[in-house]
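What follows is a set of notes on a single structure, which appears directly below.
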Amino acid sequence: MTFRIAPSILSADFARLGEEVRNVLAAGADVVHFDVMDNHYVPNLTVGPMVCEAVRPHAVKDGRPAPIDVHLMVRPVDRIVPDFAKAGADIISFHPEASDHVDRTLGLIRECGCKAGLVLNPATPLHHLDHVMDRLDLILIMSVNPGYGGQKFIAQALAKLRAVRERIDAHRAGGGQEIWLEVDGGVKVDNIRAIGAAGADTFVAGSAIFGPGDYAAKIAAMRAELAAV
Ligand code: DX5
Ligand code: ZN
C-alpha cells in the first residue's frame with residue numbers, strides 16, 4: 001500500500017502560503033490539500049482559483065510538480081470547476097449534496113483534465129457511490145464536519161473507511177480503475193495508524209502539521225506509525 005500525506009493549507013500561514021507549500025513538500029509531504037470554502041455550503045470562507053494559480057509554481061517536490069488536491073466545499077460546484085482546472089488543480093473533489101447532478105459534475109471534472117473525487121460528510125450515506133464508481137479517482141471520507149480545521153476526529157469514520165475500502169477492492173478486483181481513499185479531519189500522529197488500518201491511503205492533516213514545530217519531524221512521525229499498519 002502506498003500512503004500519501006496531504007497537508008491542508010487551511011492551517012498554513014496564508015501570508016506566506018507559497019513558502020509554506022514549498023516547505024511542507026520538502027519536509028516529505030506528497031500532495032497539497034487545498035480547501036475551498038464559500039460561506040454558503042460551509043460556514044467559512046477561504047480561497048479560490050486565483051490563489052490556486054499563485055500556489056501552483058510552489059507545489060514542487062524533488063523538482064517535479066506535486067499534485068494539488070482541491071477540496072470544494074462550495075455550492076454550486078460546476079461553475080467553478082473549469083477555473084480550478086485552469087489554475088492548475090490535479091484533483092477536484094466535491095460533496096454530492098452541493099451538486100444537483102453528481103454524474104455530470106464528475107464528467108465535467110474529467111473533461112477538464114483533472115482527477116475527480118466525491119466527498120462524503122460524516123452523515124452522508126455510502127449509497128452515493130453506487131452508480132459512479134467508474135467515474136471516480138478519489139473518495140474522500142470526512143472525519144469531521146467540513147468548515148474548520150482543528151476539530152476532533154469522529155470515530156465512526158473508521159467503520160466507513162473499512163466499508164469503502166471493501167467497495168474499492170471489489171471494484172479493482174472486477175477490473176476497475178485505481179481509486180484513492182482519502183480521509184480528512186482530525187488526523188494526528190496518535191490516530192493515523194488506526195485510520196490506515198481501516199483502509200485509508202491518503203491522509204489530510206492540517207493542524208497536525210502546519211504551525212510551530214518541525215514539519216519533517218511531524219510527517220516522519222506519521223510515516224513511522226503508518227509503517228506499522
Ligand atoms: C475541514 C477541511 C480539512 C481541515 C483539516 O473542512 O476540509 O481539510 O483543514 O484540518 P485538521 O487536520 O486540522 O482537522
Ligand atoms: Zn479538506
(message) Can you tell me how many residues within region 135-148 are touching a helix residue (DSSP H, G or I) at 6+ places or on another chain (Cβ under 9 Å) and crowded, with 21+ Cβ neighbours inside 10 Å?
(response) 5
(request) Pull up region 168-185, narrow it to residues that are surrounded by 19 or more Cβ atoms within 10 Å (Cβ to Cβ) and away from ligand 1 (no atom under 16 Å from the Cβ), then point me to the one that is nearest to ALA208 (Cα to Cα). (result) ILE179
(message) Exactly one condition in (1) within 16 Å of ligand 1 (Cβ to nearest atom); (2) at positive phi; (3) within 17 Å of the chain's Cα centre (by Cα) is false for GLY211; which is it?
(response) (3)
(request) From the list ALA54, ALA29, ALA98, pick out the single residue that is at pLDDT 95 or above, within 18 Å of the chain's Cα centre (by Cα), farther than 18 Å from PRO146 by Cβ and among the hydrophobic types (A, V, I, L, M, F, W, C). (result) ALA29
(request) Output the residues belonging to region 86-121 that are touching a helix residue (DSSP H, G or I) at 6+ places or on another chain (Cβ under 7 Å), in contact (Cβ under 8 Å) with a residue 40 or more places away in the chain and under 19 Å from ILE9 (Cα atoms). (result) ALA89
(request) For residues that are touching a residue at least 12 places away in the same chain (Cβ under 8 Å), farther than 13 Å from THR124 by Cα and part of a loop (DSSP other than H, G, I, E, B), scanning just region 139-166, find the one that is farthest from ligand 1 (Cβ to nearest atom). (result) ILE154
(request) Could you pull out the residue among VAL132, VAL102 that is over 19 Å from HIS33 (Cα atoms) and surrounded by 19 or more Cβ atoms within 10 Å (Cβ to Cβ)? (result) VAL102
(message) Can you report the number of residues in region 177-204 which are under 15 Å from GLN151 (Cβ atoms), out of contact with any helix residue (DSSP H, G or I) (no Cβ under 7 Å at 6 or more places or on another chain) and part of a strand (DSSP E or B)?
(response) 2
(request) Take region 82-113 and flag every residue that is of a type outside the set (D, E, K, R), in contact with a strand residue (DSSP E or B) (Cβ under 9 Å, 6 or more places away or on another chain) and assigned to a loop (DSSP other than H, G, I, E, B). (result) ALA87, GLY88, ALA89, HIS95, CYS112
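The values are calculated or read from the model by the stated rules, or taken from the named source; none is laboratory data. Fair warning: this is a prediction, and the values are worked out from it, not measured in the lab. Every residue, glycine as well, gets a Cβ built from its backbone with ideal geometry; the counts of neighbours run over all protein chains shown.
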